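Note sheet for the following structure.
The values are calculated or read from the model by the stated rules, or taken from the named source; none is laboratory data. Keep in mind that what you see is a predicted model, and the values were worked out from it rather than measured. No Cβ is skipped: glycine too gets one built from the backbone with ideal geometry, and neighbour counts run over all protein chains shown.
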Amino acid sequence: MATRLKPLDASWLYVESRNTPMHVAGLNIFSLPADAPADFLAKLVVQLKDAKDFAPPWNLRLKKSLLRGVLPAWEIDNGLDLDYHVRHSALPHPGGERELGVLVSRLHSHELDLNRPLWECHVIEGLENNRFALYTKMHHALIDGVGGIRMTARAFSASAAAGKVVPPWTIGAEIRKRRAHVEGEVLPSTFERLREQLQQQAELVPQVTRALTKIWRGKKPHDAQATPFKAPKSVLNDRVDGQRRFATQQYELARLRAIAEKGGVTLNDVVLAICAGALRRFLKELNVLPRRSLTAGLPVSLRPKGDEQLGTAISFMLADLGTSIADPVKRLQWIHSSTLGAKEHLQSLPKSGLNNYTMLFMAPYIMGMLTGAAGRIKPMFNLAISNVPGPDKTLYLGGAKLEAMYPVSVLQHGQALNITCLSYAGKLNFGFTGARDALPHMQRLAVYTGEALDELEAAVKAPAARAASSG
């Protein structure tokens, strides 16, 4: 039985190419248990491959048909070749962050095989300080960032004592089998629900149209709210090739929250301000900083707690990053004003209309990708910046402690940089995914976020310090 993809999910397949592979990934760093035997990782790989029953989306592949390129559909494949999907690699000595970054960059540059279930899992040994890594990638048509984090985290344990590893691709297989059997017996109610949903979406058309008109109308001078295709052309918005660069940074969440509280803004505003400060310095040093401020596309999760449905459940906001503003505090306040307006605009729509709004809002962007115009015309926005909530407790895999979780994202023509953050156990982990040729010094950009954080922290605290001394 085949399942037709939703339009937004299918769009990730439509724009798939050698230069723009459309998979997302997670890089998890683990420390080996103190008493780990020499064959710990070899046994881990065996456990990951020890599976007979599989759960969606791990066992879904694209159905072969003449219409696959136009109306793609998923079908079940329970004959997974886990020797293909689960791979064991080793880093060259000394196994530092640079060697890991080079390997992940290479793995992320390769397309997934569209004739197989669209995922790969790589166990990477040889990381210095008695650590190893797990890099797992899956096509964006199957999952979004929030869904992927929730799905992968189900394989981890809250206890270091749990030695047995349950592969994530097996979790829920029996439950989903029973659910699929029951749902297959109630087709009339399924069609009835579909009819009701279509009627509901039709009733929302006027409201969605008004919201789109408002956002596309353009902003007034001195208005912080960003609008589509008002972003300046920059080196971040040229055509890309298939080769990627990847860099990471990690900061204490408490530190970022303290800045947010002091500045009267949100945590996400602080994240954007750090990125904006780093981008301003990075592009200025290259002598390519646009006079007008860069804008960012911000994916917004529409996935409620506990939702494990397939595909993407996201909408988008735009934010002005204030990269034309030198003062870090003024830049932070500008960003806060921009995101506040964007949130109010999105919240003015009923939840049932957000999917329609997202598809129509992103239609010009997707059409640019399909027609080859992307990267040659003015960008809809300059880069994507995401902030994904992750587990707040320390997790383990077969007794190995999960130290950090880094997201690795997608790039498209006209979008040579993606910055995605993921919170985990009191830390915020930044993953920088960049086009290799467009951003030859991307590690420098990652380092500059730390310096931007220091600068913003000092600037936000400065007024309070002056007030205390004068008192």
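Miscellaneous remarks
- Those residues of the range 241-284 which are acidic (Asp, Glu) and either without any contact (Cβ under 8 Å) to a residue 12 or more places away in the chain or assigned by TED's automatic domain parsing to the domain that holds Glu99 (or both), in sequence order: Glu261
- Leading residue by the ranking (modelled with the lowest pLDDT) among those in the range 309-337 that are touching a strand residue (DSSP E or B) at 6+ places or on another chain (Cβ under 9 Å) and over 14 Å from Ser293 (Cβ atoms): Leu310
- Unique residue being in contact with an Asp or Glu (Cβ under 9 Å, 6 or more places away or on another chain) and either closer than 22 Å to Arg98 by Cα or at pLDDT 95 or above (or both) when the list is Leu383, Leu411, Leu428: Leu428
- Tallying residues that are under 18 Å from Glu16 (Cα atoms) and in contact with a Pro (Cβ under 9 Å, 6 or more places away or on another chain) within the range 53-82 yields 6.
- Among the candidates Leu370, Leu360, Leu340, Leu346, residue that is surrounded by fewer than 22 Cβ atoms within 10 Å (Cβ to Cβ), modelled with pLDDT of 85 or more and part of a helix (DSSP H, G or I): Leu340
- Members of the range 113-133 that are buried (at least 22 other Cβ atoms within 10 Å of the Cβ), out of contact with any Ser or Thr (no Cβ under 8 Å at 6 or more places or on another chain) and either among the basic types (Lys, Arg) or under 20 Å from Asn59 (Cα atoms) (or both): Pro117, Leu118
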